[in-house]
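The structure under discussion appears below in the form of structure tokens.
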Amino acid sequence: MAETIANLQIDGKDNPLDIVESSVGNEGLDIRSLRAQHGVVTFDPGFANTAGTTSALTYINGAEGQLMHRGYSIEDLALHCSFLEVSYLLLEGSLPNAAELQSWSDAVRVHTLLNEEMKRFFDAFPRDAHPMAILSSATNAISTFYEEYHNPGDAAAVRESAIRLMAKMPTIAAWAYKKSIGQPYMYPDNSRTYVENFLAMMFGLPVHRAEIDPVIVKALNVLLILHADHGQNCSTATVRFVGSSQANLFASVAAGMNALWGPLHGGANQAVIAMLQSIHDDPEATTESCIARAKDKDDPFRLMGFGHRVYKNYDPRARILKKYADDVLERVAGDDPLLEIAKGLEAAAREDDYFIERNLYPNVDFYSGIIFRALGFPPRMFTVLFALGRLPGWIANWKEMSEDPLTRIARPRQVYTGPAPLDFVPLGDR
Ligand code: CMC
């Protein structure tokens, strides 16, 4: 933060602004002194043009459709790494060597069990409870077993909490699913890898050890990596926001999960399948009618899985997934008519002026649901899978926030538009 390159004139007065330097991409204009010096605040609904922080985790070039974590392209990471390796990269700052990866995997492996009391917690939900509600509640609930690890200023306690969250989240996610289908909760099997273990808890039974298809393990590994982090998206910003009050890591992550659940964010993957299914099942809901509805400003319907706040080009994660969808379907599930409908919808949207003018391309959620479905997951679990993938990104952002000396409690301003001071009228005179 040094050189002044911008000068903002307000009421004829100069206000030189410092630049917050970036390593790549947009630099920041430091507007911190504006209100104190000139009595104005910046106005930016949805924070579309506002950086609340610096971050060394993830770089997105929305115009080019480029994504990298700690300098590595998402394409390389998805092709060459395991999900735990990428998690280590995000949390520790560099790719692990073999010994570091082994010790990180071992640390996660020994914490996969949930406290037995948690079974009663899962039992208490209605059978048809949405698994995202269970996921965030259970994340908050497990914090009660580890209160001595809540101090954000205690690096060893934070590390322990991070490991516990990474280790227990697959167990929580699988139990949320078992609850919904009335099957017994499966204990983790620490002889398995992270992804295998999750699949075994999802699809195994006490009477039948699940045989896990390596093709499915590989596909889920890639999917989790593609979701691992994505800058200051709504859920990550929520995690930072909540954490900025020095709320503990579990509470902050649980809040992020609730933000993720919304259909404009991670909930879009479930909504995409519902949209594709309706085109498949309902003769009145065609590709053309969906496109027409999405363009109609009097209709709240949006083409789910399309558009992105940052990408004004093809989302690189969607590009990887589109290629991957054909491959996975061919190897594990055969044809899926929804994939053909999705491709048809994409082709139609990409030729339509409305979508071309607004740079609306498929995002990560457009093809992920089709693959999750092919791997055997029901649509209500899709956003849970997104959360499982995003977990290392949330934790890494929370850590970066709590270690940053510039962090202050998040507290945006507003431009007040209510009444000016009024004379009070006593109740009897109104
Ligand atoms: N269908 C139809 N029109 C759209 C869509 C869509 N999916 N997305 C954006 N638009 C239009 C929007 O109506 C607006 O038009 P106009 O300029 O005429 O008012 C223009 O495009 C810009 O949209 P915006 O709402 O200002 O963009 P945003 O950055 O605020 O919202 C978004 C981004 C992702 C919420 C939005 O594109 C959307 O609602 N997409 C559908 C939901 C979805 O797929 N969400 C997943 C996002 S990616 C993964 C994740 O973050 O979880």
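The values are calculated or read from the model by the stated rules, or taken from the named source; none is laboratory data. In this text, all values refer to a predicted model and were calculated from it rather than measured experimentally. With ideal geometry, Cβ positions are generated from the backbone for all residues, glycine too; neighbour counts draw on all protein chains shown. We work out accessible area using only protein heavy atoms, side chains counted, and drop any ligands, DNA or RNA first. Shrake-Rupley method; radii C 1.70, N 1.55, O 1.52, S 1.80 Å.
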Among 242, 384, what's the order by accessible area (1.4 angstrom probe), most exposed first?
-> 242, 384
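Eigenvalues of the Cα gyration tensor times 5, then square-rooted: what semi-axes does that give for region 30-144, in whole angstrom, largest first?
Each semi-axis is the square root of five times an eigenvalue, giving 35, 27, 15 Å.
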Dipole magnitude of region 256-353, debye to nearest 20 (Cβ charges: Lys/Arg +1, Asp/Glu -1, about Cα centre) | 680
May I ask you to list the trypsin sites (Lys or Arg not before Pro) in region 280-351 that are in a DSSP loop and have at most 14 other Cβ atoms within 10 Å of their Cβ?
-> 297
Subtract the Cα-Cα distance of residue 286 and residue 335 from 0.36 nm times their separation in residues, and report this length gain in nm to one decimal.
-> 15.7 nm
Subtracting the Cα-Cα distance of residue 79 and residue 191 from 0.36 nm times their residue separation yields 37.9 nm
Find the centroid of the Cα atoms in region 97-161 and in region 41-57, then give the distance between the two in whole Å.
-> 31
If you stretched the chain out fully between residue 423 and residue 10, how much longer would it get, using 0.36 nm times the residue separation minus the C-alpha to C-alpha distance?
-> 145.4 nm
Under a Cβ-Cβ cut-off of 15 Å, what is the net charge of the residues other than residue 171 that fall near it, where Lys and Arg count +1 and Asp and Glu count -1?
-> +3
Loop-exposed chymotrypsin sites (Phe, Trp or Tyr not before Pro) per DSSP, neighbour cap 15 Cβ within 10 angstrom, longest uninterrupted part of the chain = 146-300
Residue 246 versus residue 99: modelled label distance in nm, points set 7 Å from Cα along the beta carbon direction = 3.8
Shape parameters for the chain, alpha-carbon atoms, Rg then Dmax in Å | 23.4, 78
Note: probe point = Cα of residue 404 + 7 Å toward Cβ; backbone nitrogen < 20 Å; residues of region 159-185 passing the test are 159, 162
Label-point gap, in nm, between residue 213 and residue 155 - each point 7 angstrom along Cα→Cβ | 4.5
In region 123-182, the GluC sites (Glu not before Pro) that sit in a DSSP loop and have at most 10 other Cβ atoms within 10 Å of their own Cβ are none
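Which whole-number percent gives the relative contact order of the chain, counting Cα pairs below 8 Å spaced six or more residues apart?
Relative CO of the chain lands at 19 percent.
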Under the Karplus relation with 6.51, -1.76 and 1.60 and θ = phi - 60°, whole-Hz ³J(HN,Hα) for region 417-430, x at Gly and Pro, equal 10, x, x, 6, x, 10, 6, 6, 10, x, 3, x, 9, 8
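Would you mind getting me the FRET efficiency between residue 181 and residue 301? Use the beta-carbon distance for r and R0 = 35 Å, nearest 0.05.
Efficiency, from the Cβ-Cβ distance: 0.70.
In region 257-346, what GluC sites (Glu not before Pro) fall in a loop by DSSP, with at most 12 other Cβ atoms inside 10 Å?
Taking region 257-346 and a limit of 12 other Cβ atoms within 10 Å, the loop GluC sites (Glu not before Pro) found are 284.
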